[in-house]
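See below for the structure under consideration.
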Number of protein chains: 2
Amino acid sequence: MNQPKRYLDIVLDIRKMISQEKIRPGDRIPSERELAETLKVGRSTIREALRSLELLGLIETRRGEGTFLSDHRNHQLVEVLSTFILQDNQSQKDVWETRMIHEISAIQTICGNESACQLPVWDSFSKRIEEEESFLREDLVKEIMVLSGNRLSLKIWLLLAQYSGNFYKSRVTMDETEMIEDVLAAIRQQDAEKAASSLKIWIAWLQKESKKDDDDT
Amino acid sequence: MNQPKRYLDIVLDIRKMISQEKIRPGDRIPSERELAETLKVGRSTIREALRSLELLGLIETRRGEGTFLSDHRNHQLVEVLSTFILQDNQSQKDVWETRMIHEISAIQTICGNESACQLPVWDSFSKRIEEEESFLREDLVKEIMVLSGNRLSLKIWLLLAQYSGNFYKSRVTMDETEMIEDVLAAIRQQDAEKAASSLKIWIAWLQKESKKDDDDT
DNA sequence: GGATATGAGTGGTCAGACCACTTTCAAAAA
DNA sequence: TTTTTGAAAGTGGTCTGACCACTCATATCC
């Protein structure tokens with residue numbers, strides 16, 4: 001009789017307890033020793049359940065204080081999973097493409113928002129280009145991702161950026177200033193269509209250059 | 001000095017070990033006692049790390065046999081998470097939106113591929129609608145995701161689908177057959193523009209209905 | 001040769017012991 | 001009286017050692 005794992009029951013018990021006791025995000029949940037006693041299991045079993053929930057970002061533990069129901073702002077789950085998922089050598093192409101999916105969607109979202117398009121940030125990038133004061137490629141794209149307002153998409157994007165090699169984290173060169181200006185101009189004009197296509201062109205160029213770098217290595 | 005949790009290090013250590021030893025899905029990973037000795041920590045700490053990974057569906061344990069690397073398809077994550085996480089309106093919205101980003105991108109990719117658009121799968125869905133033989137919403141969208149050819153995007157989508165509640169996993173109703181037919185028709189015509197907008201309309205409707213369900217609960 | 005018993009190895013669970021840390025609150029100092 | 005101090009209680013973090021239940025390979029017996 002291969003009985004189901006205790007710690008999984010505990011996970012459900014804790015969930016039930018939380019809903020019954022009306023514990024809200026940020027509230028403290030009973031201590032490990034307390035739970036062990038009321039649920040009539042060993043403390044280590046309780047801990048296995050709690051550690052699982054913690055890795056999922058559902059609870060938060062502070063030594064000396066207790067265990068708290070998380071307000072699940074942090075999906076650290078995604079991070080852990082991705083490091084596992086991406087390790088089976090997914091083609092670099094998929095990473096670039098997927099990151100681009102998020103970037104294109106973000107820039108289109110922004111173009112639908114007038115106030116976002118008229119932010120001084122965009123002018124500041126243009127100015128830096130004019131004055132030949134370089135900046136990180138990532139900074140510009142990150143601005144777009146943040147302003148899109150989708151925090152989950154931003155998280156995924158940040159993750160993907162890590163897997164895209166160092167190229168994305170380096171500075172813009174003279175060769176690409178024109179493409180970047182196209183993107184910035186499209187944003188100012190709130191032209192979602194043009195913004196998307198300009199961004200695509202830039203990213204495609206970046207990907208090609210990035211590949212060159214890889215071959216050198 | 002509030003040092004970081006040991007078990008989190010262990011999670012990373014195990015991941016490193018997996019990639020270094022070239023352990024593939026289905027393979028056995030070292031026993032708990034072995035890991036405890038080589039990583040120089042107590043067995044209970046190892047277990048906390050392993051239990052976490054198990055809840056994520058990354059590993060699978062069989063009493064008397066050992067611990068095995070899973071092919072990350074596990075479900076129990078779904079139930080636990082869906083009941084816990086995402087009462088937060090904003091993050092729920094983000095999940096839907098992000099999933100849609102991937103879906104729209106996938107359908108556009110497909111429309112650029114003639115052979116994919118003329119697959120008999122699409123007709124089979126149409127036929128089932130005509131004959132009022134229902135099917136799972138997820139099945140149709142999953143087909144789109146798979147055919148897009150981006151495995152990373154597919155994996156992220158699968159993850160997000162787990163967070164999206166049960167609604168996506170239920171069957172299509174009469175109310176939405178027209179919207180679905182629009183999508184299928186656009187695919188057949190390889191009209192990326194129309195396919196994207198039709199899909200958007202359907203998803204928006206789904207999201208609204210899903211919300212109704214939540215309110216009832 | 002085939003059925004059976006045994007033992008080694010594995011995960012599952014528990015109890016108890018420290019440790020490091022935080023909070024609390026009463027006693028001591030101002 | 002007010003402030004400071006510090007001891008105690010409570011918490012999570014970790015380790016150890018001990019069983020249990022189970023699987024599997026091997027040896028043993030018919």
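Things to note:
- The set of residues in region B:43-62 being within 9 Å of chain A (Cβ to nearest Cβ) and charged (D, E, K, R) consists of B:Arg47, B:Glu48, B:Arg51, B:Glu54, B:Arg62.
- Failed item in (1) within 12 Å of another protein chain (Cβ to nearest Cβ); (2) more than 27 Å from the chain's Cα centre (by Cα); (3) surrounded by fewer than 20 Cβ atoms within 10 Å (Cβ to Cβ), with B:Ile23 passing the rest: (2)
- All helices (runs of 4 or more DSSP H) inside region B:66-142 with 3 or more residues being at pLDDT 85 or above, in the same structural domain as B:Ser198 (by TED's automatic domain parsing) and under 20 Å from B:Ser153 (Cβ atoms): B:89-111, B:114-117
- Within region A:9-28, residues that are among the aliphatic types (A, V, I, L, M) reach partners that are within 14 Å of DNA strand C (Cβ to nearest atom) with beta carbons closer than 7 Å, at six or more positions or on different chains, in the pairs A:Ile10/A:Leu39; A:Ile10/A:Val41; A:Ile10/A:Thr45; A:Ile10/A:Ile46; A:Ile10/A:Ala49; A:Val11/A:Ala49; A:Val11/A:Ser52; A:Ile14/A:Ala49.
The values are calculated or read from the model by the stated rules, or taken from the named source; none is laboratory data. Bear in mind that the values here come from a model prediction, so they are computed numbers and not experimental data. Ideal geometry is used to build each Cβ from the backbone, glycine not excepted, and the neighbour counts take in all protein chains shown.
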